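Following: one structure in structure tokens, then a few remarks.
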Amino acid sequence: MDLRPVVDRLPWPDVRGMRCLDVGTYDGFFAFELERRGAAEVVATDISDHSQWDWPAAMRDRGAEFLAAVAGEKGRGFEIAREALGSSVVKREISVYDLSPDEVGEFDVVVCGSLMLHLKSPVRALEAIRSVCRGSFMSAEQIDPLLTLLSPRRPATWFRAGHETQWQIPNVAGLRALVESAGFSVERVVRPYAVPFGAGYAGGGVRGRRALAHAALTRVVARGSGVPHAAVLGRAA
């Protein structure tokens, strides 16, 4: 996915002079954006290799090999970007579940993007994030457009039962409820937006009925083409 076209649509808090954390950084886009926006210190966390994903039982033996073939070496993109940008972002290899003040300290601002759908226990992960956040938390996650249309106010989730790397995808109300369940008060929710596919996306030619329907719903709900997302800005309650 290419986050550049949507970065200014997110509900960023003021990060100038702040100690900031990017959880599940992957290639580091949010971490480097925090730095660009004036953060005094940025720490980025992620797991160290593909074997540490929350794999379902059916994918446990072959999941790491599958992702290595699709996405390449874990963390390589981050290192290339950090070197190219001359960045001072510090990367820590640690699971979101293991975040704690003893492990990483506390942060004025925490951001997390497109991670919860890959986790078996998103509430547990958000509670760990809450434990290290003393200020603002921005959560930007994939949402299900059909559930968002059918249930605009009631939290709902499409449980995918560990389909490849995805476990569950909420509607917008569900994303808000997840953030609140971890002890954050929600200050702002931005309307759904579509994150465009990156140049290397290989699925553009796959067009079955389900894919066409999902694309049409995304255009209606998120007013664009790509992966439908929503973002929430919360504060440690």
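The spacing between the range 101-147 and the range 5-83, judged by their C-alpha centroids, is 12 Å. The distance between label points at His163 and Ser121 comes to 2.5 nm (points 7 Å beyond Cα on the Cα→Cβ vector). Once the mean of 1/r is taken over each pair of separate Cα atoms and inverted, the chain shows a Kirkwood hydrodynamic radius of 18.2 Å.
When DSSP beta bridges are restricted to pairs lying wholly in the range 76-175, around 40% turn out antiparallel. Taking the average, over residues, of other Cβ atoms within 10 Å as the packing measure, peptides 111-117, 77-83, 211-217 rank 111-117, 77-83, 211-217 from highest down. Short-range pairs are left out: with C-alpha atoms under 8 Å and at least six residues apart, the relative contact order of the chain is 22 percent.
Every number here is computed from the coordinates shown, using simple stated rules; none is lab data. Keep in mind that this is a model prediction, so the values were computed, not measured. Heads up, the Cβs are rebuilt from the backbone with ideal geometry, glycines too, and the neighbour counts pull from every protein chain shown.
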